[in-house]
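Data block below; observations after.
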């Protein structure tokens, strides 16, 4: 699951940079394709890693595999 | 956290207070220097103060936390909290390439440079999901330790050490080059001498005391480097747009750049051939090389021993995972600012330098010109007279600087932006100190990884298992010294720009380590013979492609079917191979970058930064095939592999301390 999100934001979305660049983000003025590579994907990676750490820990606890606190 | 004594738990508790005070002190120091500048202290003295003060702080932390205990020396006693380990990893990770090289590359390449930003952040996803926590559970001191245990002994260990030394050595060379660049500019030394001066600074921190000392020093270095990186662009953003958050305002700067690009074309200040629109993709890298760089940097991240080693220091598997997330957050802070840096300095260059009269150029330009890092009209911009003479020599030159006249080395963009934008000199000094912190912290981590591999894996595990602790650590320090001197000697020859050198290190690590690590953790059927063959094949191919295209291009063309790389816009070859092969120096070996074919030949138009893209798949394939041919690994080994996937319980190997 997480690897899928990684692959989408790491690669797939940047295949479409040319059409995305024709869209401009309102107020900030970034072209969308450029923005995704410069900031969008990065934010996704960070949020995803915190979520992964939390979820994996929950799974470990559920199956009695977690370390003692 | 079961084995610690009372004093060290006090130490951990007080970390917040200690580093908080330290950060406040650093900011006060900057303000003090700013006041000194206003009362007229000369720039050179400010530069020296910045460099020596920060170096002194790192050295003091290094001395205070030095250690002679084995587990403290190799893995900082395994009790660095996730948050602080994340910060140390951030400093370990962000090298001269991130700090000095990346914004410059974004400046020059525009959108295509973002391949580096993406590759160097996304890789941590792989570290967290596929590798890091499992190696932590395994309980090794070094990456070769894991290879040796999983793949039956010292032969696998030996190969892993070779991979580690090769990629770390390439990487550390880039860092020493970076410190040399900064020292030569801000302390006014000759580049070749400055390289060795930078080396002294690095050794000072790394020799003193192992992982424990390096960890606490790196946290201090992170604070310096992030403040130094953000300050100039926050000031620029506030000055121009009134909002101190550059990440939000540089969208407007990009729009202005695009407008100015059109204007320059219309007024004859730029030609269509010399202008590369900032936001247009795939002008500098073909899509293959663009996505190749993303992929190689991501996978390389998950294979670099000095990064993986950092996750051996956390108290638990859970904290190892959290720590990866913290690392990425701290790295992200710098990486999502880098494109803003590039946009602001590009806008300044396009409006203040391009179109300016050649006689009215600012003096800061000449200090870089003397080092050969800025050229105007094809000559080093050493002085006004030199530029005027050079431009006069060009037929029909209008007397103002045109885009095609102005060549700036990517590595000076970050260091010179405060000067380009006319900020006070104290900001330049701060940026230099930050660049030094970035280069030093990474070099420390790398040298430590090399020294650990040589002393722990080669000397202790392979040569003399009975060696006493003191002798092991002494051997580590002596070896460290020779490795560092060798890479400084290489750096003095300027083998490539910082980013390319670091890119090579990632590809080498990826081809050599990644298949064996992944298969070792995730496929129980992987045999020792398979892994050894896979590492040799993948790493060998990658190293061959790199060395051949950089140092033996003539032989590559003549004997190994290499052809010219192609221009991504037109698809035409970038060098005329037939013509280049007819030149007298065609078969020259170990040529400089000026050689017509060096770094410009290869297979399938693949840039040699991406050599891991050839080596890694081969490595996986060979591991798979050879493993299936051999006998299944023993039941105990398969049980061990199951064991490292469960966070609960003891580590798989226990080291005596």
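State whether region B:239-332 is rounded, prolate or oblate according to the following rule on the C-alpha gyration tensor (a ≥ b ≥ c being the square roots of its eigenvalues): a/c under 1.5 gives rounded; otherwise a/b larger than b/c gives prolate, and the remaining case gives oblate. In terms of gyration-tensor shape, oblate. Put the Cα centre of region B:588-648 next to the Cα centre of region B:384-419 and the gap is 43 Å.
Computed on the protein assembly as shown, the Cα convex hull volume stands at 161 Å³ per residue. If you fit an axis through the alpha-carbon atoms of helix B:317-335 and take the longest principal axis of the Cα set of chain B, what angle between them do you get, 0 to 90°, nearest 10? Long axis of B:317-335 versus the principal axis of chain B: about 10 degrees.
Contact order for chain B, expressed relative to its length and based on alpha carbon pairs under 8 Å spaced 6+ residues apart, stands at 24 percent.
Placing a pseudo-label 7 Å from each Cα along the Cα-to-Cβ vector at residue A:7 and residue B:351 gives an inter-label distance of 4.5 nm. A Förster distance of 35 Å, applied to the separation of the beta-carbon atoms of residue B:189 and residue B:155, puts the FRET efficiency at 0.20.
Projected onto its three principal axes, the C-alpha set of region B:195-296 covers 59, 40, 29 Å, listed from the longest axis down.
Per-residue shielding of B:242-249, expressed as the average number of other chain Cβ atoms within 10 Å of the residue Cβ, stands at 1.
Using the Cβ-Cβ distance between residue B:579 and residue B:385 with R0 set to 30 Å, the FRET efficiency works out to roughly 0.25. For region B:238-361, the relative contact order works out to 37 percent when only alpha carbon pairs closer than 8 Å and six or more residues apart are counted.
To the nearest ten degrees, helix B:469-491 and the longest principal axis of the Cα atoms of chain B are 30 degrees apart. Note on B:255-265: average number of Cβ atoms from other chains within 10 Å of each residue's Cβ is 1.
Length available on full extension from residue B:48 to residue B:471: 0.36 nm per residue minus the Cα-Cα distance, which gives 148.6 nm. Ordering B:175-182, B:34-41 by mean Cβ neighbour count within 10 Å, with the highest value first, yields B:175-182, B:34-41. For region B:389-494, the normalised intensity computed at q = 0.12, 0.13, 0.18, 0.22 Å⁻¹ comes to -0.68, -0.74, -0.97, -1.12 (log10 of I(q)/I(0), Debye sum over alpha carbons, equal scatterers, no solvent). Just need the relative contact order of region B:535-644 here, percent rounded to a whole number, with Cα pairs under 8 Å and 6+ apart. Normalised by residue count, the contact order of region B:535-644 is 36 percent. The listed peptides B:283-292, B:525-534, ordered by packing as a protection proxy, come out as B:525-534, B:283-292 (highest mean of other Cβ atoms within 10 Å first). Averaging over all projection directions, find the projected area of the Cα convex hull of chain B and quote it in nm² with one decimal place. So the mean shadow area of the Cα hull is 29.2 nm². For the segment B:115-121, counting C-beta atoms of other chains within 10 Å of every residue's C-beta and taking the mean gives 4. Within region B:535-644, all pairs of alpha-carbon atoms sorted by distance into 10 Å bins from zero give the percentages 14, 34, 23, 12, 11, 5, 0. Each of the peptides B:306-313, B:192-199 was scored by the mean count of other Cβ atoms within 10 Å over its residues; in descending order, highest first, they stand as B:306-313, B:192-199. Using a ≥ b ≥ c from the Cα gyration tensor of region B:1-112 (square roots of the eigenvalues), is it rounded, prolate or oblate, where a/c under 1.5 gives rounded and otherwise the larger of a/b and b/c decides, a/b for prolate? Verdict is oblate for region B:1-112. For region B:469-548, the spread of Cα coordinates along the three principal axes comes to 45, 40, 18 Å, biggest extent given first. Residues B:627, B:455, B:303, ranked from the fewest to the most other C-beta atoms within 10 Å, line up as B:627, B:455, B:303. Here is how the number arises for chain B: DSSP H runs of 4 or more residues each give -39500 (n - 2.57), the sum is divided by the residue count, and the result at 222 nm is -21000 deg cm²/dmol. Against chain B, whose longest principal axis comes from its Cα atoms, helix B:15-38 is set at around 20 degrees. Listed by Cβ neighbour count within 10 Å, with the fewest neighbours leading, B:314, B:267 appear as B:267, B:314.
Taken together, the values in this text are just the output of simple stated rules run on the coordinates, not laboratory data. Just so it is clear, the model here is predicted, and its values are computed rather than measured. For neighbour counting, all protein chains shown are included, and Cβ atoms are generated from backbone atoms with ideal geometry for every residue, glycine included.
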